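Here is the structure we will look at.
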Amino acid sequence: MSSGTAPAALASGAPNAATSGDNPAKKRPKRICVLLTDNGKTWESYSFYDMFLKALGSNDLYPDTLWSVCKLAHGEPIVSVYDYDAFVITGSRFNVRDREALPWFAPLCRLIRQVAGLELPAPAAAAAAEAAIPGQDTRSAAAGEEPWSSCAAATSRKIYGACFGQQVVAHALGGSVDVNPHGRGFVLRAERLLIEPELLHRSLAGGGRGRLQEACAALLCLCLCGAETCQDKAACAGAGAGAGAGADAGADAGAGAGDSADSTCTSTGGRGVYIISSHGDSVISLPCDCPCTLLAHSSSCEHEMFLTGYRGSNILCTQGHPEFEHQYAVMERILPAVTHVTKKLTPEQAREVTQSFAGFSRAAGPDQLADLISAFLHS
């Protein structure tokens with residue numbers, strides 16, 4: 001187990017449910033498990049788990065969250081869907097086509113389908129897991145009666161999948177995954193996301209209030225007007241809610257949508273949302289076993305971000321990596337490997353990769369996406 005660089009309040013290993021047991025009236029802290037699907041030595045010093053912990057866990061808004069890691073690719077058995085409130089599925093050096101050689105792949109797909117409400121976990125295991133949590137609202141079983149609906153309990157969980165995590169979600173829920181189409185080869189770059197503002201607002205923020213709506217508004221601000229110059233995030237969110245489906249939120253059309261909603265933002269247009277992309281495979285067709293909403297695409301990937309799962313609402317995925325740190329992940333590890341070792345990129349393509357990161361920073365999109373994902377997992 002690894003604790004990364006988490007604040008003292010964050011935990012690794014098995015969640016300690018007793019932290020809220022002394023005060024049953026206190027709301028139990030969220031338990032989030034990172035399902036680590038990579039075992040490459042490249043990431044031993046600072047793993048995908050450590051990067052996610054820093055990106056999603058170092059947040060003053062959720063100081064009591066209990067973070068754990070399950071090292072699937074290292075041979076650890078998969079956790080029960082009832083052990084945690086939410087799961088993060090990481091990227092991997094493996095791909096969906098490797099599934100027959102990966103003993104953890106099928107169990108991971110089962111967990112995804114349980115959260116999506118497509119498979120029913122064992123009720124006995126569900127009751128035992130929830131009964132062990134102080135303050136949890138469970139019902140004792142009468143003779144011959146299931147203690148509660150284990151399917152309903154599983155569908156209250158959330159999943160976020162990144163890169164390989166997105167691809168395995170699509171595969172598990174009836175979509176298809178293959179090598180990047182149209183001869184694109186290996187994609188490594190700072191990728192501009194073309195976000196569907198109305199769909200993002202309607203699907204994630206809805207008509208509700210709270211942290212998730214605020215995170216959606218912040219992301220829409222970056223799309224529509226540029227976060228630094230935004231004077232009215234509520235108006236920007238309203239512009240996203242009123243924008244037509246299919247609008248390119250990163251283009252001038254997105255700024256026009258903001259103007260039409262009487263936004264007080266003074267910028268002439270958004271700069272767009274950027275994320276680090278690093279993949280040789282991608283989702284070819286979206287999940288069909290559950291409702292699915294495409295939230296963003298890009299010039300190199302038709303399915304950059306989507307929302308799916310139970311009632312199309314509890315599994316969020318991105319092809320890109322909001323957790324990646326540019327220098328550590330790209331410049332020191334991935335780019336040298338794909339240029340000099342696997343030779344997936346030519347020297348000229350490697351120069352184009354470097355150029356794509358000119359001016360790139362976490363404030364250009366990764367931080368806003370990480371806030372959105374964290375709010376989603378805690379919602």
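So which residues in the range 37-63 are assigned to a loop (DSSP other than H, G, I, E, B) and surrounded by 14 or more Cβ atoms within 10 Å (Cβ to Cβ), if there are any at all? Step through it out loud before you land on a result.
Narrowing the range 37-63 to residues assigned to a loop (DSSP other than H, G, I, E, B): 37-40, 44-47, 58-63.
Scanning the range 37-63 gives Thr37, Asp38, Asn39, Gly40, Tyr46, Ser47, Ser58, Asn59, Tyr62.
Would you mind stating whether Phe360 is touching a helix residue (DSSP H, G or I) at 6+ places or on another chain (Cβ under 8 Å), open to solvent by 10 Å² or more (accessible area, probe 1.4 Å), in a loop (DSSP other than H, G, I, E, B) and touching a residue at least 40 places away in the same chain (Cβ under 8 Å)? First the steps, then the outcome.
Values: touching a helix residue (DSSP H, G or I) at 6+ places or on another chain (Cβ under 8 Å): yes; open to solvent by 10 Å² or more (accessible area, probe 1.4 Å): yes; in a loop (DSSP other than H, G, I, E, B): yes; touching a residue at least 40 places away in the same chain (Cβ under 8 Å): yes.
Taking the combined requirement at face value, the residue satisfies it.
Looking at the range 181-198, which of its residues are at pLDDT below 90 and open to solvent by 30 Å² or more (accessible area, probe 1.4 Å)? Even if it seems obvious, please write down each step before you answer.
The initial filter retains those residues of the range 181-198 that are at pLDDT below 90, namely 182-184, 196-198.
Within the range 181-198, His182, Gly183, Arg184, Glu198 meet the criteria.
Scan the range 320-345 for residues that are in a loop (DSSP other than H, G, I, E, B), free of Cβ contacts under 8 Å to residues at least 12 places away in the same chain and open to solvent by less than 70 Å² (accessible area, probe 1.4 Å) and report the count. First the steps, then the outcome.
Here is the first cut: in the range 320-345, the residues in a loop (DSSP other than H, G, I, E, B) are 320, 322-325, 342-345.
Of the ones still in play, those that are also free of Cβ contacts under 8 Å to residues at least 12 places away in the same chain are 342-343.
Remaining after also requiring open to solvent by less than 70 Å² (accessible area, probe 1.4 Å): none.
Result for the range 320-345: 0.
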Does any residue in the range 156-182 that is closer than 16 Å to Thr308 by Cβ and assigned to a strand (DSSP E or B) come within less than 6 Å, Cβ to Cβ, of a residue that is open to solvent by 30 Å² or more (accessible area, probe 1.4 Å) and β-branched (Val, Ile, Thr) six or more places away or on a different chain, and which pairs are these?
Ser176/Ile284
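Only one residue in Val96, Val81, Val69 is closer than 29 Å to Leu212 by Cβ, more than 16 Å from the chain's Cα centre (by Cα) and either touching a residue at least 60 places away in the same chain (Cβ under 8 Å) or open to solvent by 30 Å² or more (accessible area, probe 1.4 Å) (or both). Which one?
Working: Val96 fails: closer than 29 Å to Leu212 by Cβ; Val69 fails: more than 16 Å from the chain's Cα centre (by Cα).
Val81 is the lone residue from the list that is closer than 29 Å to Leu212 by Cβ, more than 16 Å from the chain's Cα centre (by Cα) and either touching a residue at least 60 places away in the same chain (Cβ under 8 Å) or open to solvent by 30 Å² or more (accessible area, probe 1.4 Å) (or both).
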Condition test on Gln368, is it open to solvent by less than 20 Å² (accessible area, probe 1.4 Å), touching a helix residue (DSSP H, G or I) at 6+ places or on another chain (Cβ under 6 Å) and among the polar types (S, T, N, Q)?
no
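Return the residues of the range 280-309 that are assigned to a strand (DSSP E or B) and open to solvent by 30 Å² or more (accessible area, probe 1.4 Å); say none if nothing qualifies. First the steps, then the outcome.
First pass over the range 280-309, keeping only residues assigned to a strand (DSSP E or B): 281-285, 293-297, 305-308.
Listed by number, the residues that qualify are Ile284, Ser285, Thr293, Leu294, His297.
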Residue count, the range 253-279, condition at pLDDT 95 or above and either assigned to a loop (DSSP other than H, G, I, E, B) or open to solvent by 10 Å² or more (accessible area, probe 1.4 Å) (or both), comes to 1
Subset of the range 79-126 [acidic (Asp, Glu) and modelled with pLDDT under 95]
Asp83, Glu119
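The values are calculated or read from the model by the stated rules, or taken from the named source; none is laboratory data. As the structure is a prediction and not an experimental result, all values here were calculated from the model. Because the Cβ atoms are built from the backbone with ideal geometry, glycine has one as well, and the counts that use them run over all protein chains shown. The area values use the complete protein model at the heavy-atom level, side chains included, leaving out ligands, DNA and RNA. Shrake-Rupley method; radii C 1.70, N 1.55, O 1.52, S 1.80 Å.
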